[in-house]
Amino acid sequence: MTTKITITGTGVPHLAPGRAGPGVLVEYGDVRLQFDAGYATSLRLIEAGIHTHQLTALFITHHHSDHLTGLTDLLFSRWLESQPNLVALPVIAPAGPSVAFLERMMDPWQADIAARQDHVDRRDGPAPRIVPFDPEPTKDAAIAVWADEATGVRVLARSVHHEPISPAVAYRVETPDGAVVISGDTIVCDEVAELATGAQVLVHEAFRREAMLKLVAFAPQLVHIAAYHADTVELGRMAAKVEAPTVVLTHLIPSPGTGRTTKADFVDDLRRGGYTGEIIVADDLCTVELSVGVVRTDVDAD
């Protein structure tokens, strides 16, 4: 078996054609783990050949809406595509606002759920099985939050810096093939660097601070956005330091193809930071395969 990483969404709250909300799928055999579920995640999954009822578990990095708005749709799709007595999808999240959202997310849909249940005499529902973990210990070290003994796959979490949004975590998925780290939203920080040490693939958000701050006169809110996202030049320095073989850039700000930047600009930023490894500026549904430490991609890497 190989470990397959699919970027299910590369977008941000500002909509761009062809870019769904943030999300990453990691597969190892029948283990299918989804990280975040931004808008259109269900559509991207089916385009990748994965039905929502095939997911093993879902992990949330933090409670920003663009990482969560596709979750309700995903859960409903999973429920309606499945037979009665569907096993609830485990959703793993740091305790706090993310869990509060999960506990209430189905409330506006109770009339719809009841009508569908009565119509077909069904008593299960789309609500997830919420699996919270305490984010406080993750400020000092990564902790295991999920594991599958049969395959040897496990997931670790580590707190990152996306203040004032807290808690926010990154995840490290370890399989028999190696490890992939998913940053979630964060500035470049030592916590992600430690989590990524020894990993073969680093999936990291990317913010071209230098380019975006030129627009501050027209969009002053960019100063605040820049304060809690990962500058691409700094990211290059960090990726070089941890010797990450492959970096996959996602949650792209600004979005390539909007006239403000190109994929080559993102690559150039990381190179300026000193990174010499493989760089993939992701599009939705780009994939990376990891097989016993060897990385293969379906896109042209720089």
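The values are calculated or read from the model by the stated rules, or taken from the named source; none is laboratory data. If you're wondering where the values come from, they're calculated on a predicted model, not measured in any experiment. When we count neighbours, we look across all protein chains shown, and the Cβ atoms used for this are built from the backbone with ideal geometry, even at glycine. In case anyone asks, the SASA skips ligands and DNA or RNA and just uses the protein heavy atoms, side chains included. Shrake-Rupley method; radii C 1.70, N 1.55, O 1.52, S 1.80 Å.
General observations
- Counting only protein chain heavy atoms and rolling a 1.4 Å probe, the accessible areas of GLU289, GLU205 rank, largest first, as GLU289, GLU205.
- A 1.4 Å probe, protein heavy atoms only, puts the accessible area of GLU103 near 120 Å².
- Relative contact order computed over the range 145-275 (Cα-Cα under 8 Å; 6+ residues apart), in percent: 21 percent
- Segment GLN221-ARG296, extension gain: residue separation times 0.36 nm, minus the distance between their alpha carbons: 23.1 nm
- Stretchable slack from ALA144 to ASP118, in nm (0.36 nm times residue separation minus alpha-carbon distance): 5.3 nm
- Nearest-20 debye value, the chain charge dipole, Cβ charges on Lys, Arg, Asp, Glu: 320 debye
- Choice from ALA142, ALA48, ALA100 with maximal GNM fluctuation in the chain (Cα, 10 Å cutoff): ALA100
- ARG209 contributes an accessible area of around 60 Å² to the protein surface, as traced by a 1.4 Å probe with all chains present.
- Degrees between helix 110-120 axis and first principal axis of the chain (Cα, 0 to 90, nearest 10): 50 degrees
- The listed residues HIS53, HIS119, HIS162, once ranked by accessible area (1.4 Å probe) with the largest placed first, stand as HIS119, HIS53, HIS162.
- Sequence of LYS4, LYS241 when ordered by accessible area, the most exposed leading, probe 1.4 angstrom: LYS241, LYS4
- The range 112-162 - accessible surface per residue (Å², probe 1.4 Å): 57 Å²
- Note on LEU213: accessible area approximately 70 square angstrom, rounded to 10, probe 1.4 Å, nucleic acids and ligands left out.
- The range 223-302, relative contact order [Cα under 8 Å, separation at least 6], %: 33 percent
- Computed over the chain, relative contact order equals 17 percent, with contacts defined as Cα pairs under 8 Å that lie 6+ residues apart.
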